[in-house]
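K.L.:
Sharing a structure with you now.
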Amino acid sequence: MCIRDSTPIERVDEAFEVAIVGSDPNEHFDTIGGLIAHEMGHVPKRGEHLQLSGLHFVVLHTKGGAVRWFKVSRVEDTPSDG
């Protein structure tokens, strides 16, 4: 599934039937893009990826120094590299 960076975290939670939780329970983010940038410690670039709460996020498109689109899949649906 492809999602925009501005997609609310709750919408991704519902679509994949998970509860996406970041590494810092005291931090709150409204959008998936904000959470992923926080988790990575920088604004991700095209091709970068992150696994979080059983989901695999891949940056598909950036524009103006910001992520625009992510590809999201369940970790168990993601092909392994080895």
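K.L.:
State all residues of the range 20-34 that are aliphatic (A, V, I, L, M) and farther than 15 Å from V58 by Cβ; if no residue qualifies, say none. Talk me through it step by step, then tell me what you get.
P.N.:
Here is the first cut: in the range 20-34, the residues aliphatic (A, V, I, L, M) are 20-21, 32.
Hits for the range 20-34 are I20, V21.
K.L.:
Which one of these is open to solvent by 30 Å² or more (accessible area, probe 1.4 Å) and of a type in the set (V, I, T): V59, V75?
P.N.:
V75
K.L.:
Among the strands (runs of 3 or more DSSP E) lying completely within the range 1-68, list those that include at least 2 residues that are without any contact (Cβ under 8 Å) to a residue 24 or more places away in the chain.
P.N.:
By residue number, 49-52, 55-63.
K.L.:
Regarding S6, is this residue open to solvent by 50 Å² or more (accessible area, probe 1.4 Å), closer than 21 Å to K63 by Cβ, of a type in the set (G, A, S) and at pLDDT below 95?
P.N.:
Yes.
The values are calculated or read from the model by the stated rules, or taken from the named source; none is laboratory data. Model, not experiment: these values are computed from the prediction. Because the Cβ atoms are built from the backbone with ideal geometry, glycine has one as well, and the counts that use them run over all protein chains shown. Calculation scope for accessible area: heavy atoms of the full protein, side chains included, ligands and nucleic acids excluded. Shrake-Rupley method; radii C 1.70, N 1.55, O 1.52, S 1.80 Å.
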